[in-house]
Amino acid sequence: MSLAVVRNIGSPRALRGEQDVEDFEQELVDQYALAMCAAGLTDGHVASSRAVVFEFRRCLTGPLWSATTDDADRYLAGLRRAGRAASTRAGKAGMLAQFYDFVIARYQGDLHAVTGFVVEQPIDEFNRQSGSALSRVRVPPSDLEVDELFTGWRLSVAQARKYLPAARDYLAASLWRRLGLRIGETVGLDIRDWRPDLGVAGKLHVRFGKGSRGRGPKQRLVPAINGADKLIDWWLAEVRHQFREDWSDPDAPMLPSERRDRETGRCARASDDVLRHGLKTSTVLFLPAWAGRMGPHVLRHYCASSLYGAGMDLKAIQDVLGHEWLSTTTRYIHVSSDHVEQAWASANRRLETRFGGTV
């Protein structure tokens with residue numbers, strides 16, 4: 001994305017007409033875009049943020065600097081009436097809040113001198129949306145329920161009408177369950193991304209991890225713990241080569257479609273929707289109580305919770321999941337109802353061992 005050079009917004013001048021007001025608003029948004037580019041945010045994130053600001057502007061009766069919390073209330077309520085998802089509303093509210101934080105921090109004085117307005121933050125604690133993906137609680141199924149699902153699924157693969165897609169979908173869901181991969185990270189895996197030579201159990205090179213605040217893909221190496229190494233070895237040794245002869249090409253997709261990519265001659269990648277459908281179908285068959293509620297992100301929450309329950313510390317789980325902040329990881333941990341009692345008993349056992357049973 002390329003941006004034109006804009007005038008110094010810190011140079012006060014009178015706004016003599018409607019066109020001057022529109023030009024001044026455009027300068028504010030352009031300055032914000034330049035700041036985002038300087039911070040290293042992706043072109044897609046910059047474009048999305050600009051679009052949200054202009055969408056909000058169309059709902060206002062005055063210029064951007066005159067917006068109030070009432071204006072934000074009406075805008076967000078309109079999104080809800082239009083059927084926009086909670087995550088969409090939360091994302092747009094967050095983009096608006098960042099824009100106004102920028103304007104207030106950098107140009108509050110200049111705007112007051114030019115327009116007479118004192119800019120306020122229209123997204124406050126009362127209308128700030130809480131429907132983002134991380135704020136919604138996704139309490140995962142229990143260990144017994146997950147075992148029931150994957151045991152039934154595993155036994156059904158050999159008898160499936162279409163064995164290859166069934167095996168692929170089972171592997172994808174197993175990576176969500178055991179390593180907590182995001183669905184986009186899973187789809188983006190190539191054969192070369194399996195590195196059995198690294199670490200004790202081998203590692204997956206996740207090249208398309210989610211970057212924070214639109215900063216683009218964030219790479220990480222995920223140890224193939226929790227039995228994931230055996231699953232990947234089974235897949236590459238016994239199944240993957242049956243899709244197409246590209247199995248020896250390191251740039252071929254780890255999880256292929258049955259279709260061929262005409263440009264590369266390799267298998268096309270399995271899509272998000274295809275992998276989601278595989279999990280949905282198997283949930284209906286083998287864990288019907290969770291039909292309509294099970295998804296890749298639920299299994300990501302399950303992975304975090306099960307690793308924590310097995311004794312892995314939070315920092316290690318953060319590295320496995322690829323979170324920027326430890327506070328994000330804590331939202332993924334869902335403990336059993338007797339967790340406190342178990343922790344208390346474990347602490348007492350450690351004390352007894354340390355002091356020779358005198359506690």
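The values are calculated or read from the model by the stated rules, or taken from the named source; none is laboratory data. Remember, it's a predicted structure, so these values are computed and weren't measured experimentally. Glycine gets a Cβ as well: all are built from the backbone with ideal geometry, and neighbour counts include every protein chain shown.
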Looking at (1) at pLDDT below 95; (2) under 21 Å from ARG331 (Cβ atoms); (3) touching a helix residue (DSSP H, G or I) at 6+ places or on another chain (Cβ under 9 Å); (4) of a type in the set (Gly, Ala, Ser), can you tell me which one GLY180 breaks? (1)
Test for ARG58: is it assigned by TED's automatic domain parsing to the domain that holds ASP23 and without any contact (Cβ under 8 Å) to a residue 24 or more places away in the chain: yes
Can you give me the ranges of the helices (runs of 4 or more DSSP H) entirely in region 222-310 with at least 2 residues that are among the β-branched types (Val, Ile, Thr) and surrounded by fewer than 17 Cβ atoms within 10 Å (Cβ to Cβ)? 272-286
Given (1) within 30 Å of TRP234 (Cα to Cα); (2) among the acidic types (Asp, Glu); (3) touching a Ser or Thr at 6+ places or on another chain (Cβ under 9 Å), index of the condition GLU120 fails: (1)
For region 52-64, check the following and say yes or no: at least one residue is of a type in the set (Gly, Ala, Ser), farther than 14 Å from PRO122 by Cβ and in a loop (DSSP other than H, G, I, E, B). no
Per the filter on region 76-89, residues closer than 11 Å to ASN127 by Cβ and either touching a residue at least 60 places away in the same chain (Cβ under 8 Å) or of a type in the set (Gly, Ala, Ser) (or both) are ALA77
Pairs with Cβ under 6 Å, 6+ apart, first in region 158-171 and in the same structural domain as ILE183 (by TED's automatic domain parsing), second of a type in the set (S, T, N, Q) and surrounded by fewer than 21 Cβ atoms within 10 Å (Cβ to Cβ): LEU164/GLN242
Out of the residues in region 268-316 that are charged (D, E, K, R) and in contact (Cβ under 8 Å) with a residue 12 or more places away in the chain, state the one that is farthest from PRO256 (Cα to Cα). ARG300
